[in-house]
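*Asks:* Got a structure for you, written out below as structure tokens; questions coming shortly.
The values are calculated or read from the model by the stated rules, or taken from the named source; none is laboratory data. All of these numbers come straight from a predicted model, not from anything done at the bench. Every residue, glycine among them, receives a Cβ derived from its backbone with ideal geometry; neighbour counts consider all protein chains shown. SASA here: full protein model, heavy atoms, side chains in, ligands and nucleic acids out. Shrake-Rupley method; radii C 1.70, N 1.55, O 1.52, S 1.80 Å.
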Amino acid sequence: KMDKKVGYLNYDKVKPIVDISFWLKFTQLKLDKWKLDCPSLDIVGSISLPLAANSSSNLVIDESSFAQDQEESKEEPQKQTIGGLIKFRIPGKFLHFNTIEEYKAFSMEEAVKDPKHAIPTEFENYFIIAIFGDLKNYDFYFQ
């Protein structure tokens, strides 16, 4: 939103919500497809307008965030109305790590500066999610 007095943008906080279906899909892909690989993927989340002026919007990431066919994903509407709420699709980048040490050494601030994770200029809204999943104990971490 634009502050008319000062003339600069203010950013509202977004509350990330990772649905259990996302973790199930991540586990399936990690075990069946990626194995020890850690591909960096383009994913999609959805965000809706906040329910109240003093609450944050929710960025929801679920199994549909892993768009297997990016062309199919682009055909979906960028804006939907569900039950009176306006919901937008937001593109993002998915990074994951094989060890907790790699995950803890990761810095989101450094990733944002890294050209390989550069935010595409055609997007006004974009997110990056970094993940470690201990698949033996079902412990999942994200930032």
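*Asks:* Check the range 59-68 and report whether any residue there is modelled with pLDDT under 65, open to solvent by less than 60 Å² (accessible area, probe 1.4 Å) and within 16 Å of the chain's Cα centre (by Cα).
*Replies:* no
*Asks:* For the subset of the range 112-133 comprising residues that are modelled with pLDDT of 80 or more and not β-branched (Val, Ile, Thr), which member is nearest to Phe88 (Cα to Cα)? Show your work before the answer.
*Replies:* Step one: of the range 112-133, the residues modelled with pLDDT of 80 or more are 126-133.
Those left that are additionally not β-branched (Val, Ile, Thr): 126-127, 130, 132-133.
Values: Tyr126: 12, Phe127: 13, Ala130: 22, Phe132: 27, Gly133: 27 Å.
This residue is Tyr126.
*Asks:* Might you let me know whether the range 45-54 holds any residue that is touching a helix residue (DSSP H, G or I) at 6+ places or on another chain (Cβ under 9 Å) and crowded, with 16+ Cβ neighbours inside 10 Å?
*Replies:* Just the residues of the range 45-54 that are touching a helix residue (DSSP H, G or I) at 6+ places or on another chain (Cβ under 9 Å), to begin with: 45-46.
The next check asks that each one be crowded, with 16+ Cβ neighbours inside 10 Å; those that pass are 45-46.
Taking every residue of the range 45-54 in turn, at least one turns out to be touching a helix residue (DSSP H, G or I) at 6+ places or on another chain (Cβ under 9 Å) and crowded, with 16+ Cβ neighbours inside 10 Å.
*Asks:* Hey, another quick one. When only residues in the range 124-142 that are farther than 19 Å from Val44 by Cα and part of a loop (DSSP other than H, G, I, E, B) count, which is most open to solvent (accessible area, probe 1.4 Å)?
*Replies:* Lys136
*Asks:* Testing Gln28 on (1) surrounded by 11 or more Cβ atoms within 10 Å (Cβ to Cβ); (2) outside any loop (DSSP other than H, G, I, E, B); (3) in contact (Cβ under 8 Å) with a residue 24 or more places away in the chain, one condition comes back false. Which one is that?
*Replies:* Result: Gln28 passes all but (3).
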